[in-house]
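Okay, so here's the structure we're looking at.
The numbers here are math on the coordinates, done by the rules we state, and not lab data. All values reported here derive from a predicted model rather than from experimental measurement. Heads up, the Cβs are rebuilt from the backbone with ideal geometry, glycines too, and the neighbour counts pull from every protein chain shown.
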Amino acid sequence: MKRRVLRTGLQLTEIGMGAAQFGNLNRTTTDEASVAAVDAAWQAGIRYFDTAPHYGLGLSERRLGAALAGRPRAEYVVSTKVGRLLVPSPETADRLDDQGFAVPADHRRVWDFSRDGVLRSLEQSLERLGTDRIDIVYVHDPDEHEAEALDGAIPALVELREQGVIGSVGAGMNQSAMPARFIERSDLDVIMLAGRYTLHEQGALEDLLPAASARGVGIVAAAVYNSGLLAAPVVPDDAHYDYGPAPADVLEHARALAVACEEYGITLPDAAVAFPLRHPSVVSVVVGARTATHILGTVSRYTTEIPGGFWRELVERGLLRSDAPSEAQSA
């Protein structure tokens with residue numbers, strides 16, 4: 001599998017595996033299924049794995065660490081996140097987590113973007129992952145905490161990068177405006193952008209991608225299916241977009257994209273995986289997986305050859321922004 005390089009020299013495979021589902025996102029899974037998913041990813045050449053304390057109150061990190069145990073540490077990249085510190089909560093341990101993960105609420109999340117919070121969070125993540133270092137650390141969802149992230153978390157992570165404790169510093173968000181400001185005001189290496197640079201929407205072309213290009217910051221594209229909108233060859237009536245039911249105009253656009261894909265002999269998910277990688281600032285597409293079957297599906301989409309002229313055809317039909325990379329500009 002091809003790799004792309006961050007300005008720190010860190011190499012990411014063009015497909016990364018997102019491990020949120022290892023934390024029992026929406027429903028339970030097993031340790032065995034998680035190990036099988038990582039095994040399949042490894043066999044397919046994937047060497048970038050992403051997780052976070054938020055995912056299952058640490059369960060995702062523990063499962064990912066166990067699944068990677070025994071593999072040569074120099075051969076893979078792992079990223080996790082800071083901003084939600086996990087604090088023991090024995091008084092709620094008899095309940096289920098209320099943030100979408102089917103796990104006991106034996107810890108609670110506390111927003112903390114301070115230097116101390118970052119250090120404590122990373123110490124806990126290192127223990128759960130069972131590793132001696134983390135390659136990329138993202139400031140996670142600081143939407144309501146911009147000043148704290150800029151004044152506390154990001155400088156702390158930059159200091160740790162300079163000390164060699166972590167490899168690269170980033171921020172992970174579902175919007176493009178704030179990360180663009182972060183790039184302009186701090187020393188970031190990478191942004192994980194969820195859902196804002198996809199086959200369906202390219203708003204990041206207005207702010208984040210120009211800022212990233214100017215400063216040499218890499219973009220990891222996540223949520224490339226827009227909450228499921230682009231995840232199937234045929235767009236169903238009950239398709240979701242941006243964590244809720246898709247509006248009529250969104251369904252119409254996705255279905256027009258699906259028709260164009262079919263005419264060119266590919267599927268909508270094939271194009272959804274391929275599209276972000278066309279931009280020279282995008283260093284990886286991270287796709288979530290729960291099972292080995294999910295991994296095999298993602299890799300099949302990644303290896304599908306997109307016919308010549310397809311992207312230009314989308315622009316001509318008004319289905320893709322004209323300032324999205326054309327054939328001549330693809331990375």
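For this structure, a couple of remarks:
- Taking Lys and Arg as +1 and Asp and Glu as -1, the other residues whose beta-carbon sits under 11 Å from that of residue 61 total +2.
- Pairwise Cα separations in the range 176-331 fall into 5 Å bins from 0 onward with the following percentages, short to long: 2, 10, 19, 22, 21, 15, 9, 3, 1.
- Counting Cα-Cα pairs of the range 1-125 in 5 Å increments starting at 0 gives whole-percent bin shares of 2, 11, 19, 20, 19, 15, 9, 4, 1, 0.
- Taken over the range 191-230, the alpha-carbon convex hull comes to 49 cubic angstrom per residue.
- DSSP beta bridges in the range 175-331 [antiparallel fraction, %, rounded to 5]: 20
- Summing Lys and Arg as +1 and Asp and Glu as -1 over all other residues whose Cβ lies under 10 Å from the Cβ of residue 233 gives a net charge of -2.
- The range 1-64 and the range 91-131: distance between their alpha carbon centers, rounded to Å: 18
- Alpha carbon convex hull of the range 230-292, volume per residue in cubic angstrom: 123
- Both numbers refer to the Cα atoms of the range 151-198; Rg and Dmax are 11.3, 35 Å.
- For the range 137-250, fraction of C-alpha pairs farther apart than 24 Å, in %: 32
- The DSSP beta bridges internal to the chain are antiparallel in roughly 25% of cases.
- Around residue 183: net Lys/Arg minus Asp/Glu count, Cβ-Cβ under 15 Å: -1
- Of all DSSP-defined beta bridges confined to the range 79-209, some 30% are antiparallel rather than parallel.
- When you count the other C-beta atoms within 10 angstrom of each residue and take the mean per peptide, 155-164, 18-27, 189-198 line up highest first as 189-198, 18-27, 155-164.
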